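What follows is a short report on a single structure.
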Amino acid sequence: MKKGVDLVQDLIPRQKIGRQIDVVEERRFNNEADAIKFFELARYRLLDINNWYSLAGNSLSKFQLVDLFGNPVERLAREGDYIKIDIPGPGTILGGGYDWVLIEVIIAKSAPGMDSLALRARPTANPLSKKMDTAHFLTEKATSTFQVKRIVNNVYAEEHGRNEKANIHTEAVVDNIRNLLVGWAASLGLSYPQWKLLVKGILEGQV
């Protein structure tokens, strides 16, 4: 039953290099009707990229949804959108001071007693630049897969990182050094608290 609505296994690439991370939060409701209502809120929150910073309790990084043409937008995320990430400290030269990921896929699935929505993002080049080097502290092999799902009375929020390896072979030497340091910090577990705060924030409050 649980496997039938869990989209994550279909979206997460096989772990081959670097680090992996799995962050899961669960909230139990008194009845299915309440769980259904809250799942709709959790679904909205997952796609509301511009409010991730607030959901995570004003944690370290800020997130801005950007469209295919590189314009900031105030709406829910769509496949093909970008997320511009402002990580504390020096940003990337290639990214114009930011780290960039592309939303590769958004998929939803429902079955009796179950609902789910998943989003996968991958480091990418700066859409505002002609340069093709990945503008992120991780390489383009890395992915972040987010999911919210409901199984009867339980609602879950998750983040699954795969193949997280520092991006140290760009044409910008300064970026390579910066990416090595940020990647090293992430490998020590410093990115885990941020995703933990986000998935927890998605499940907090009332409808």
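The values are calculated or read from the model by the stated rules, or taken from the named source; none is laboratory data. Predicted, not measured: the structure shown is a model, and the values here were computed from it. Because the Cβ atoms are built from the backbone with ideal geometry, glycine has one as well, and the counts that use them run over all protein chains shown.
Structural remarks
- Residue satisfying condition, being within 16 Å of the chain's Cα centre (by Cα), small (Gly, Ala, Ser) and either closer than 23 Å to Asp175 by Cβ or not in a strand (DSSP E or B) (or both), within set Gly97, Gly80, Gly89: Gly80
- Test: residue in the range 71-84 that is over 16 Å from Ala125 (Cα atoms), among the hydrophobic types (A, V, I, L, M, F, W, C), touching a helix residue (DSSP H, G or I) at 6+ places or on another chain (Cβ under 8 Å) and at pLDDT 95 or above: yes
- Hits in the range 104-160 (condition: touching a residue at least 12 places away in the same chain (Cβ under 8 Å), within 27 Å of Leu41 (Cα to Cα) and assigned to a loop (DSSP other than H, G, I, E, B)): Gly113, Val152, Asn153
- Number of positions in the range 109-132 that are within 24 Å of Val148 (Cα to Cα), surrounded by 15 or more Cβ atoms within 10 Å (Cβ to Cβ) and among the small types (Gly, Ala, Ser): 4
- Top-ranked residue in the range 155-182 [being out of contact with any Lys or Arg (no Cβ under 6 Å at 6 or more places or on another chain) and closer than 24 Å to Leu55 by Cα; ranked as modelled with the lowest pLDDT]: Val182
- The residues of the range 168-207 that are of a type in the set (Phe, Trp, Tyr) and free of Cβ contacts under 8 Å to residues at least 40 places away in the same chain amount to a single one, Trp184.
- Number of positions in the range 152-169 that are surrounded by 21 or more Cβ atoms within 10 Å (Cβ to Cβ) and over 16 Å from the mean Cα position of the chain (by Cα): 3
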